[in-house]
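No lab work stands behind these numbers, since they all come straight from the coordinates. The structure displayed is predicted, hence computed values, not measured ones. Cβ placement follows ideal geometry from the backbone for every residue including glycine, while neighbour counts extend to all protein chains displayed.
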There are 2 protein chains.
Amino acid sequence: MEVIVPFSTDRPKSRLADVLSPDERRAFARAMLTDVLESIVAAGGEPRVLATDAVDVDRPVTVDDRPLTTAVNAALDGHFETAGAADGSVEPVAVVMADLALATPDAVERLFAAGRDADVAVAPGRGGGTNAFVSSHADFRVDYHGASYLDHRDIAAEVGAGFVAVDSRRLGTDVDESDDLAEVLIHGEGRAATWLREAGFVLDTSGGRVGAVRE
Amino acid sequence: MEVIVPFSTDRPKSRLADVLSPDERRAFARAMLTDVLESIVAAGGEPRVLATDAVDVDRPVTVDDRPLTTAVNAALDGHFETAGAADGSVEPVAVVMADLALATPDAVERLFAAGRDADVAVAPGRGGGTNAFVSSHADFRVDYHGASYLDHRDIAAEVGAGFVAVDSRRLGTDVDESDDLAEVLIHGEGRAATWLREAGFVLDTSGGRVGAVRE
């Protein structure tokens, strides 16, 4: 399955500015991207990075500096122009965010499986975000503003596409803020978790809420 | 499967005090409890409420006012005293928190299924909490302090119990703080979501982060 992985090279992970320098944010974002790409490949997907600028990565890269929604919809256009088979079936396409540092091959496989059962399968994130989806419906397009999970459910209904949610905490956890770093330390199994540990981050369980602190 | 549902009748959901009055917090906590019990029953489980004081609910209730860890371990003791069958197999027991307002029968079924495949199956919450688990290992006991998910994984290893994590966003979302209310409005399908809407809560997508506000 073709899997588009949007990745911002321009000020990546700016909401981590309180705990990481710009260079560190860039390195951490790259570690998460690599983890996501490897989980996709291990699940049988063929990832392609949709980046806002050139990025040195061992996978195909398409550069599109337009806003996320515009760039992803252009990629969907491109996919569905050539996705139809002679028998009328349509090859699905997935879009998986580059900051899903807890993603595992199993979680990605569950996403792919849901996308084979329904026209549109969405793994929501916290706050109604759309962290990952699979679509085999040529008319489904995205709108990432606000509680996009609800918008995407509505858009699927409008174009007559069957919709299903994917109940995954791993795919549902995008790493945006310092609170999210604890999730990577607890559940991460790849480069991002290793990067954080090598940067001196440890779990802090002293307060009422578990967090990540730098030693 | 026997399913223990711990429920605090004493100042429930105190971290929602900024948005709900004490009476409202009590009513909302009860709505969530009812949703959780119904999902458990629909998934084929037999729930029993483990409450800190008497609670009027249409299911068996055990009152134990000791701290959560002590009360749950006492319930596990009780279960495993009588859980062994003549053929040497052990009947599993589950513990599911009462504030998992996004729980659905499907999500609870996945928990039960994981608990049939491994000695101990845990659905983690945010910050390394243990939102739900199934155990069929007579020596596994809980310690809910701190990042209990990691502690429970260690405890399982210490007693020689096979361990698996359950990757569920629905079971991974416990409703503790006002930020969590948006999750209920977006994904809730039961009484708790209805209660919030009737209390005047709506989604706020005007800021950078989706929240719940009271109109």
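Things worth noting here:
- Charging the Cβ of each Asp and Glu at -1 and of each Lys and Arg at +1, and nothing else, the dipole of the protein assembly as shown about its Cα centre rounds to 480 debye.
- Over the residues of chain B, the helix contribution to mean residue ellipticity at 222 nm works out to -11500 deg cm²/dmol, using -39500 (n - 2.57) for each DSSP H run of at least 4.
- The modelled label-to-label distance between B:A157 and B:H145, using points 7 Å beyond Cα along the C-beta direction, is 2.0 nm.
- Largest GNM mean-square fluctuation across A:S39, A:S135, A:S168, computed for chain A with C-alpha springs under 10 Å, falls on A:S168.
- Helix A:22-42 vs. chain A, principal-axis angle (Cα, 0 to 90°, nearest 10): 50 degrees
- Nearest-to-axis residue of chain A, judged by beta-carbon position, where the axis maps A onto B, in Å: A:R169, 2
- Positive-pole candidate from A:A212, A:P105, A:V49, dipole of chain A, charges at beta carbon: A:A212
- Computed extension gain for B:D10 through B:R214, at 0.36 nm per residue and net of the alpha carbon distance, reaches 70.9 nm.
- Under 5 Å from the amide H of B:E2 lie the amide H atoms of B:E46, B:A94, each residue being 5 or more positions distant or on a separate chain, with H modelled from the backbone and absent for Pro and chain starts.
- Beta bridges per DSSP, both residues in the protein assembly as shown: antiparallel share near 50 percent.
- Of all DSSP bridge pairs formed entirely within region B:2-174, close to 40 percent run antiparallel.
- Positive minus negative residues near B:D167 (Lys, Arg vs Asp, Glu; Cβ under 10 Å): +3
- Net charge, B:R48 excluded, C-beta distance under 10 Å - Lys, Arg +1, Asp, Glu -1: -1
- Inter-copy spacing of A:P60 label points, which lie 7 Å from Cα along Cα→Cβ, given in nm from shortest upward: 5.9
- Peptide B:123-131 is shielded by partner chain Cβ atoms: per residue, an average of 4 of them sit within 10 Å of its Cβ.
- Rounded to the nearest 20 debye, the dipole size of chain A about its Cα centre is 420 debye, using +1 on the Cβ of Lys and Arg and -1 on the Cβ of Asp and Glu.
- The same position A:V159 in the other copies lies at 5.0 nm from this copy, comparing label points 7 Å beyond Cα toward the beta-carbon, shortest first.
- With a Förster radius of 60 Å applied to the beta-carbon distance between B:T82 and A:E24, the computed FRET efficiency rounds to 0.65.
- Between helix B:68-81 and chain B: long-axis angle, C-alpha atoms, 0 to 90°, nearest 10: 40 degrees
- Compared with the dominant principal axis of the Cα atoms in chain A, helix A:148-158 is inclined by about 10°.
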